[in-house]
Amino acid sequence: MKTLALMRHAKSSWKHGELSDFERPLNKRGLRDAPDMGRRLARRQFAPDSIITSPAQRAVITARLIASEVGFPLEQILQAPDFYLASPDTLVDGVREADDRNQTLMLFGHNPGFTFLANSLGDLTIDNMPTCSIATFEFDIERWRDLDYGCGKLAFFDYPKNTDKA
């Protein structure tokens, strides 16, 4: 059994027009929501074996804030350049290369790729993955290279404005 968590970066700032999209930081709401979501995951006893993030600043900061709350070592967060604004196929290809010793992978990235991927992997439809949302899927596979579209089961979906907090 493998578990894959897709987490969209927290709310980012458009205040600094001189920054590229890649360099945009989190805004105040994002800096508040990410630790809150991390605490929700900790209450669920969610513990990733590996965290892989887009190298965009807003994704890296979100990954670090979540990792701090769930007890994942910050120095072990991996950055995957291909995950920046990636398509579902690119994301799946990256997951298929993961070490099979990792039972639970957590990816940090962007829309629209994450919403498209979430709707391709599982048994339920997610209209949109808002900022700082997480969609977690379980797969009846032993090797990550066997991951395929439509073979997962949505284990849980959460987002900052969810009133049914875990």
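The values are calculated or read from the model by the stated rules, or taken from the named source; none is laboratory data. These figures come from a predicted structure and were not determined experimentally. Virtual Cβ from ideal backbone geometry, glycine too; neighbours counted across all protein chains shown.
Given the conditions (1) of a type outside the set (S, T, N, Q); (2) under 13 Å from Phe108 (Cβ atoms); (3) touching a residue at least 40 places away in the same chain (Cβ under 8 Å); (4) not in a strand (DSSP E or B), and given that Phe72 satisfies all but one, which numbered condition is not satisfied?
Tallying (1) of a type outside the set (S, T, N, Q); (2) under 13 Å from Phe108 (Cβ atoms); (3) touching a residue at least 40 places away in the same chain (Cβ under 8 Å); (4) not in a strand (DSSP E or B), Phe72 fails exactly one: (3).
Please determine whether any residue of the stretch 119-136 is under 11 Å from the mean Cα position of the chain (by Cα), assigned to a loop (DSSP other than H, G, I, E, B) and of a type in the set (A, V, I, L, M).
Yes; the residues of the stretch 119-136 include at least one that is under 11 Å from the mean Cα position of the chain (by Cα), assigned to a loop (DSSP other than H, G, I, E, B) and of a type in the set (A, V, I, L, M).
Checking Glu97 against (1) closer than 16 Å to Thr3 by Cα; (2) acidic (Asp, Glu); (3) in contact with an Asp or Glu (Cβ under 9 Å, 6 or more places away or on another chain): exactly one of these is not met. Which one?
So the condition that Glu97 fails would be (3).
Could you tell me whether Arg58 is of a type in the set (Lys, Arg), in contact with a strand residue (DSSP E or B) (Cβ under 6 Å, 6 or more places away or on another chain) and either touching a residue at least 60 places away in the same chain (Cβ under 8 Å) or closer than 17 Å to His110 by Cα (or both)?
yes
Please count how many residues of the stretch 9-36 are out of contact with any strand residue (DSSP E or B) (no Cβ under 7 Å at 6 or more places or on another chain) and either assigned to a strand (DSSP E or B) or modelled with pLDDT under 95 (or both).
10
From the residues in the stretch 49-62 that are assigned to a helix (DSSP H, G or I) and either touching a helix residue (DSSP H, G or I) at 6+ places or on another chain (Cβ under 9 Å) or modelled with pLDDT under 95 (or both), which one is surrounded by the fewest Cβ atoms within 10 Å (Cβ to Cβ)?
Per the stated criteria, the residue is Gln57.
Going through the stretch 116-143 one residue at a time, which ones are under 20 Å from Ser54 (Cα atoms) and touching a strand residue (DSSP E or B) at 6+ places or on another chain (Cβ under 8 Å)?
Of everything in the stretch 116-143, those that are under 20 Å from Ser54 (Cα atoms) and touching a strand residue (DSSP E or B) at 6+ places or on another chain (Cβ under 8 Å) turn out to be Leu117, Ala118, Leu121, Met129, Pro130, Thr131, Cys132, Ser133, Ile134, Ala135, Thr136, Phe137.
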